[in-house]
Each structure stands twice: as C-alpha cells, then as structure tokens.
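The values are calculated or read from the model by the stated rules, or taken from the named source; none is laboratory data. All figures in this text were calculated on a predicted structure; none of them were measured in a lab. Glycine gets a Cβ as well: all are built from the backbone with ideal geometry, and neighbour counts include every protein chain shown. For the accessible areas, the whole protein counts, side chains as well, though only heavy atoms, and no ligand, DNA or RNA atoms are used. Shrake-Rupley method; radii C 1.70, N 1.55, O 1.52, S 1.80 Å.
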Amino acid sequence: MRKLKTAILISGRGSNMMALVDAARDPAFRAEIVCVVSNRADAKGLAFATENGIATEVIDHKGFPTREAFETALDSYLRSCGIEIIALAGFMRVLTAGFIARWEGRMLNIHPSLLPAYKGLHTHERALADGATRHGCTVHLVTPELDGGPILLQAQVPVLAEDTADTLSARVLEQEHKLYPQALALLAARLSKEDTP
Ligand code: GAR
C-alpha cells in the first residue's frame, strides 16, 4: 500500500496535528505525515512534531511583501517534499484562490462548526448566543470560498444548558481529534484509487 505524502499546516497549539500524527503511526493508515509547516515560529505544536521525528519548517508570512510571495515560498517547500495532500490544522492564514487552485482536491481543512453554519471565527460563542442545541465540527476540501468547500465528514455534539465557550469548544475538540484522521484516511484512499491506472 502506497502512503500519500501529507503536510500539516499549523499556526498554534497543533492538537489536531498531533491527532493526525498519532493516527498515521498505524501501518495501515494511508497517509504519511512528511512535514509540519507553521507560519509562526512560536507555534506550540512545532515541538511535538520535532520530538516525533517529523520535519518542521517555519515560513513566517511577515517576512514576505505580499500574500502571493508567502504562498510561493510555501508552495515550493511543499513541492520540494513531494507533498500530495495538505491538511490545514488551525492554520490561521487565508489562502489566495491561486494557491488553492494549485492544490485543488488535495487540501483539507477542519472547522469547528457544523458547516454551513458558523463559517469564520468565534464559532462556539456564536452557537451559544443563538441558543443552538447542537454544534460540532466539519472536515472539508478547501475551495476559494472561505469554509465553503465540499464536506467530507462531520461530527455533532449536544450544546448543554450550562455550557460556556470553553466547555463547548473542549467537547467539539474531542470530536475533531477523531474526525480529522478519518477524513484524511478517506481522502488518501480516494486519491490513491485515482492514481491507479
Ligand atoms: C481547532 O478547533 C480548529 O478546528 C480551528 O482552530 C483550532 C485549532 O486547534 N480552526 C479554525 O477555526 C479554522 N478556521 P489546534 O491548533 O489545537 O488543532
């Protein structure tokens, strides 16, 4: 079984990245985590990647004059690693349509809501303010429409009367850590079928 070469892009804590790295230890998992890239040198998740023998790269967006120049550097690094799938895991930079087109069908994102509800930021606060009774997370393919690409998988959680944004986000995050590995495995299986003549 060929494993698809995967890069994980982070900006901070990296708990979803950790869940993907842990899942990819299974010999039967169809994706290999080749590198973890952060746009911030202080991203907490980088240490975990290094400790687990995964190549890390910091490409600081602040060092580039334009969004496109940053993305060109990111794209060249990913191509130099032979990357076939990108998993955005708390990567907090909006990517341009040009970059997204170059990775069409090969870039995943995890979002902390039941899309199409609550695109964008502060999803838990907004769900609570609306009195939503269910909430959750979504893994979708990335398209130029922010948080709008085709959905691969979703997981639901109940919203409890006593919830705060913190308790709700912790309940959702637990599901994110299960959902993202499943979605990555699904995409890798699909893409490896396409590759087979
Ligand atoms: C996760 O909850 C993820 O769904 C969210 O950021 C958090 C990152 O946590 N992503 C977005 O809001 C993207 N719009 P992590 O760094 O511990 O994985």
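Points worth noting:
- Residue within segment 66-75 that is in contact with a His (Cβ under 6 Å, 6 or more places away or on another chain) and away from the ligand (no atom under 16 Å from the Cβ) present: yes
- Taken together, the residues in segment 86-97 that are open to solvent by less than 40 Å² (accessible area, probe 1.4 Å) and out of contact with any strand residue (DSSP E or B) (no Cβ under 7 Å at 6 or more places or on another chain) amount to 2.
- Matching entry among Ala23, Ala19, Ala47 (being within 16 Å of the ligand (Cβ to nearest atom), open to solvent by 20 Å² or more (accessible area, probe 1.4 Å), under 24 Å from Gly105 (Cβ atoms) and of a type in the set (A, V, I, L, M, F, W, C)): Ala23
- Among the residues of segment 109-132, the ones that are crowded, with 19+ Cβ neighbours inside 10 Å and under 30 Å from Ala73 (Cα atoms) come to 4 in all.
- Against the test of being surrounded by fewer than 20 Cβ atoms within 10 Å (Cβ to Cβ) and either aromatic (Phe, Trp, Tyr) or over 23 Å from Ala24 (Cβ atoms) (or both), the options Arg106, Arg67, Arg79 yield a single qualifying residue, Arg67.
- Among the residues making up segment 1-16, those that are modelled with pLDDT of 95 or more and either among the aliphatic types (A, V, I, L, M) or more than 10 Å from the ligand (Cβ to nearest atom) (or both) are Lys3, Leu4, Lys5, Thr6, Ala7, Ile8, Leu9, Ile10.
- Evaluated against (1) in contact (Cβ under 8 Å) with a residue 24 or more places away in the chain; (2) out of contact with any Lys or Arg (no Cβ under 6 Å at 6 or more places or on another chain); (3) under 20 Å from Ile100 (Cα atoms), Ala69 falls short on exactly one condition, (1).
- Segment 133-151 - residue that is surrounded by fewer than 17 Cβ atoms within 10 Å (Cβ to Cβ) and of a type in the set (A, V, I, L, M) and, of those, farthest from the ligand (Cβ to nearest atom): Ile151
- Residue ranges of strands (runs of 3 or more DSSP E) in segment 1-118 with at least 3 members over 15 Å from the mean Cα position of the chain (by Cα): 55-58
- Matching residues in segment 155-197 - criterion: being over 25 Å from Asp26 (Cβ atoms) and assigned to a helix (DSSP H, G or I): Ala165, Asp166, Thr167, Leu168, Ser169, Ala170, Arg171
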